[in-house]
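Trainee: Quick one: the structure is below, questions incoming.
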Amino acid sequence: MHEWGVARELVRQAEGEARRRGAREVRSVTARVGPLSGVAPELLARAYEVARLGTLLESAALSVEPDPVLASCRECGREGPLEGAVLACPRCGNRELVVRGGDALHLAKIEIEIGPEPPGGEG
């Protein structure tokens, strides 16, 4: 399951960014996942539950948003999102497309808590 490695990298990136900004906690993480990325959102969410343990993200919820497939048609020049599982131009039906999005996973947003540690230590 390569989602485990993806989840660990997502946590690493989010934690690194949170630390650079002086966060003491990450409250939520949003990832955008394209259908051509090869990542199953359900498996990513399950792997994330374990990958976040012992990090600033330990109590952070994960939201997974779709990242649509964007393509341009070599035949008619149409550019835009594709619908469904068929990789064909919705205008002319041509299958010679240049994919411009929807084939990646990226960290889209993190919500962090910045400030001093609460009195009494951990919080």
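The values are calculated or read from the model by the stated rules, or taken from the named source; none is laboratory data. Note that the coordinates shown come from a computational prediction; the quantities given were computed from them, not determined experimentally. Because the Cβ atoms are built from the backbone with ideal geometry, glycine has one as well, and the counts that use them run over all protein chains shown.
Trainee: Take the residues in region 39-53 that are in contact with an Asp or Glu (Cβ under 7 Å, 6 or more places away or on another chain) and among the small types (G, A, S), then tell me which one is modelled with the lowest pLDDT.
Mentor: Top of the filtered list is A40.
Trainee: While we're looking at this one, here's another question. Looking only at residues in region 79-106 that are in a strand (DSSP E or B) and closer than 29 Å to L62 by Cα, which one is farthest from the chain's Cα centre (by Cα)?
Mentor: That would be G80.
Trainee: Here is a follow-up. If we keep just the residues of region 82-101 that are closer than 21 Å to R32 by Cα and surrounded by 12 or more Cβ atoms within 10 Å (Cβ to Cβ), which is modelled with the lowest pLDDT?
Mentor: Among residues in region 82-101 that are closer than 21 Å to R32 by Cα and surrounded by 12 or more Cβ atoms within 10 Å (Cβ to Cβ), the one modelled with the lowest pLDDT is L87.
Trainee: Which members of region 1-43 meet the condition of being touching a Leu at 6+ places or on another chain (Cβ under 7 Å), under 25 Å from G84 (Cα atoms) and of a type in the set (D, E)?
Mentor: Within region 1-43, just E3 meets the criteria.
Trainee: Among (1) surrounded by 14 or more Cβ atoms within 10 Å (Cβ to Cβ); (2) part of a strand (DSSP E or B); (3) within 17 Å of the chain's Cα centre (by Cα), where does L57 come up short?
Mentor: Only one criterion is unmet by L57, namely (2).
Trainee: Quick one: how many residues across region 4-38 are over 27 Å from I114 (Cα atoms), at pLDDT 95 or above and crowded, with 17+ Cβ neighbours inside 10 Å?
Mentor: 1
Trainee: Could you figure out which of (1) over 19 Å from the mean Cα position of the chain (by Cα); (2) not assigned by TED's automatic domain parsing to the domain that holds E15 isn't true of E113?
Mentor: (2)
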